[in-house]
Amino acid sequence: MDKSEPKSFWSNIILLFRFIAGIDKKIFIWLGISVCISALIPFPYILLSRKVIDSFANGADYSATVKIIVIMAVSGWLIKTMNQFINTELDKKVKRLEYEAIQRLFYKMSVLDYVLLDDADTKDKFGKATKCVMALNFYELILSVRTFFSSILILLGVLGIIASVDVWLLIIVSFVIVVNAYANSRLKKYRYKIDNELWPIDRKMEWYMQFSANIEYAKEIRVNQLQKFIFDKYRKLSDTYYKLLDQITNSEGAVKHIGLFLSMLQENMAYLVLGYKILVEKTLTVGDFTMTFSAIASFKDACSGIIDGVIEVLNRGRYFSKYLEFMELEGNSSKGDVPVTINPVQGAEIEFSHVSFRYPNQKEYALKDINVKLSPFTRAAVIGDNGAGKTTFIKLLCRLYEPDEGIITLNGKDIRTYDYKEYQKILAVVFQDYKLFSFSVRENILFSNEGKIKDEEIYGKAKLLGADSIISKLPEGLDTLLFKDYDVSGVNLSGGEGQKIAILRALFKQSEIMILDEPTAALDPDAEKKIYEGFEMLTRGKTAIYISHRLASARYCDVILVFKDGRLCEQGSHEELIGMDGEYKRLYRIQADYYAN
C-alpha cells in the first residue's frame, strides 16, 4: 500500500460522510446499527459450538446439550433476522441517497456553463461522475464502509480466541491475508487504470449507438449508405474496448489462482498446528479445535473484510471523487449577482465595445473588435454569409460564451455582473438549430407557464404567425404529444411547422429582448412574410434581433448589422447601406437576382 493511501482512505470516508450529512443524517443511525449487528453474527456459533462438541465428546446429559444447541440456534437466528431487517432499511435509505445523487448530477449538467458543455474534458468528467452513481459505485462505496467497520469489530472479538490457542495460527493466517490483500490491491489499481482508458472509448461507442438510432441522422445514413462505414468505426472501437477487458480478466484469473493456493496452504498449516496440540501436547479438546477453526474462518473473513473495505473505499472513492469534482465545476456565469431590472418605458440598451472572441482551442477569431450600440426597442437585422460571425454574436449576447476582449453591456452595466438566471429571463431566443421536446405541444410552448395562460391566447398569437392551422389539425390539439420517443401516438412536425411552434414558445416567454436566429429558414416566402409581420406586431415595445441569410427581415428593422469574416463591416438602415455600395448591396443584389430568375 502506498504511503498516501491511508490518508486517501480516510479522506474518502470523510468526503462521503459529509455528502451524506448534507442529504440525510438519519443514514448514520442505520449505518451504525448495521455495523454493530453485522459484527455479532459469527459469535453465537464460535462460542457455543465448543460447548456442544465437548458435551457430545464427554457424554454429557443430552437435554443440557440440546439447550445449548437451542440457545445457539435462537441467538443466531435473532441476530441474523435483526441484521436482515436493518440492512433492508439501510439499503432503502442508501438507494434514495443514490437517487438524490443522480438527480443532483443531471441538474448540475443542465445548469453548467454552455462553454464547459462544449469541452471534451467536461464530457469525460460527466461520464465518470455518471459511472459513480449509475453503475452502483456510489451504493457499493457505502456498503464497503459498512463492511470495513463491522469487520474491525469482528476482528477484535476473535483475535483473543485465536491468540489464546497458538500465536503461530495468527502469523499463518495473517501472512496469507496480507499476500492476498497485496495481490487484490494491485489488481484494483490496474483495473482503475484500465477503466480510465475505457471511459473515453465507452463514451464514443455510446455516441455511435445513440446517433445510429437517431431519426435526425437516419435519412443521411440510408441515402448515403453509411451503415458499413459507421459500423466499421464502431467495431474498431469495440475491438480496442474488449482487448482492454481481456487484460482485466487475465489479471483477475491470476489473482484468483494465487488466492486458491494460499487458502489451501493456510488450511493445511492450521490442521497441522491444531492436530499437534490435540494429539501430541493434548492441550486442546475437540471442542477447542472446532471453536478455533470457526474463529480462524471469522478472523480470515474479518481481515479480508477490512482489506477489501480499504481497497473498495480507495478505488470506489476515486469514482466518488470524480463525482464530487464534476459537481464542484463552476463557470463564470455563477459569478454575477446584480439583479436585472428593465424599466418598460426605458427599455433595454445593448452595446458591444471592442468585443473579440475565439472558440476554445481555435487560433482564428470568430469575432474581432465588434463595436455596436442597439438603442431600446430597436429592431435589428444581423446578416452575412455563413461563418461571418452572426450566431457567435448572439451566443455572446446570451452569455453562452464570454468575450476574450472587450465588454458587452446592458443599460450601461457589464452583462457578466448580472445574476445569470435573471439575465436569461429577459432573453427569448429561437436558435437556428432549435429543439422541440417530447412533451405535448402546450408544454413545448408554455413550459412552467402551463395552466397560467388560456388556450384562446395561445391560438390568438398562433394565428398571427400562421401556426393556428398546425395546432388545429393535430389529433389532440395543444395536448398532442410530439415525437415517438416515449409514445407511439406522438406526432412528428415538419421543419417549418416546428419552427413556428418554437417562435410561438419564444413569444410566450414574454421577455424584453427577442432574438430569432434564422427564424424562417424552413419556411416558404409567403409563410416567411406572415411570420415577420406577426412577429413585428407581437414584439412592439421590445428589442428584437433577427439573424438571417435572407434579407426579408431587413425591411422590418431599424438598423442592419452586416458581418463579414468575423467583423462588423457595415451598419445602418436599408437605404443607407444600399447607398454605400458595399457588402450589404452585394448580398441584396445576389438575392434579388436569385428570386427574379
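Read-outs throughout are calculated quantities, based only on the coordinates presented, and are distinct from any laboratory measurement. Quantities reported herein were computed from a predicted structural model and do not represent experimental measurements. Every residue, glycine among them, receives a Cβ derived from its backbone with ideal geometry; neighbour counts consider all protein chains shown.
Brief remarks follow.
- In summary, the aspartates and glutamates within cross-link reach of Lys363, defined as a Cα separation below 17 angstrom excluding same-chain residues under 8 places away, comprise Asp118, Asp119, Glu402, Asp404, Glu405, Asp565.
- Cα gyration tensor, the chain - rounded (a/c under 1.5), prolate or oblate: prolate
- Summing Cβ point charges (Lys, Arg +1; Asp, Glu -1) relative to the Cα centre of the chain gives a dipole of roughly 1300 debye.
- On the basis of the beta-carbon distance and an R0 of 60 Å, Trp168 and Lys425 show a calculated FRET efficiency of 0.20.
- Calculated FRET efficiency, Glu325 to Asn268, Cβ-Cβ distance, R0 = 45 Å: about 0.40 to the nearest 0.05.
- Taking Cα atoms only, the orientation of helix 455-465 departs from the longest principal axis of the chain by about 50 degrees.
- Rounded FRET efficiency, nearest 0.05, which uses the C-beta distance separating Ser469 from His549 and R0 of 25 Å: 0.40
- Taking every lysine pair in the range 39-93 that is 8 or more places apart or spans two chains, those with Cα atoms closer than 29 Å amount to 5.
- Helix 26-40 and the long axis of the chain differ in direction by around 20°, with both axes built from C-alpha atoms.
- Cα-based shape type of the range 1-147, given that a ≥ b ≥ c are square roots of the gyration tensor eigenvalues and the cut on a/c is 1.5: prolate
- Label-reachable residues, the range 158-183, where backbone N falls under 20 Å from a point 7 Å from Ser11's Cα toward its Cβ: none
- The angle between the Cα long axis of helix 120-134 and the main principal axis of the chain comes to about 40°, on a 0 to 90 degree scale.
- Other-chain or far-sequence residues with amide H under 5 Å of Leu493's (modelled H): Phe483
- Table column - 3J(HN,Hα) (Hz), the range 380-389, Karplus curve with 6.51, -1.76, 1.60, x for Gly and Pro: 10, 9, 10, 10, x, 5, 4, x, 6, x
- Three-way shape call for the range 4-330 based on the alpha-carbon gyration tensor, with the a/c threshold at 1.5: prolate
- A simple charge model with +1 on the Cβ of Lys and Arg, -1 on the Cβ of Asp and Glu and nothing else charged puts the dipole of the range 330-422 at about 200 debye relative to its Cα centre.
- P(r) of the range 427-476 over all Cα-Cα pairs, binned every 10 Å from zero, in whole percent: 21, 56, 23, 0
- In nm, spacing of pseudo-spin labels at Asp246 and Asp485 (7 Å Cα→C-beta vector): 3.8
- Candidate aspartates and glutamates for bridging to Lys108, where Cα separation is under 13 Å - those fewer than 8 sequence places away on the same chain excluded: Glu100, Glu325, Glu328, Glu330
- For Ala366, residues with placed amide H under 5 Å, excluding near neighbours: Phe357, Arg358, Tyr359
- Charge context of Tyr45, other residues only, Cβ under 13 angstrom, K/R +1, D/E -1: +2
- In straight-distance terms, cross-link reach from Lys454 covers every one of the lysines whose alpha-carbon lies under 18 Å from its own, apart from those fewer than eight places away in the same chain; here that gives Lys463, Lys509.
- Antiparallel beta bridges, as assigned by DSSP with both residues in the chain, represent about 45 percent of the total such bridges.
- Label-point separation, Glu402 to Val74 (7 Å along Cα→Cβ), nm: 7.1
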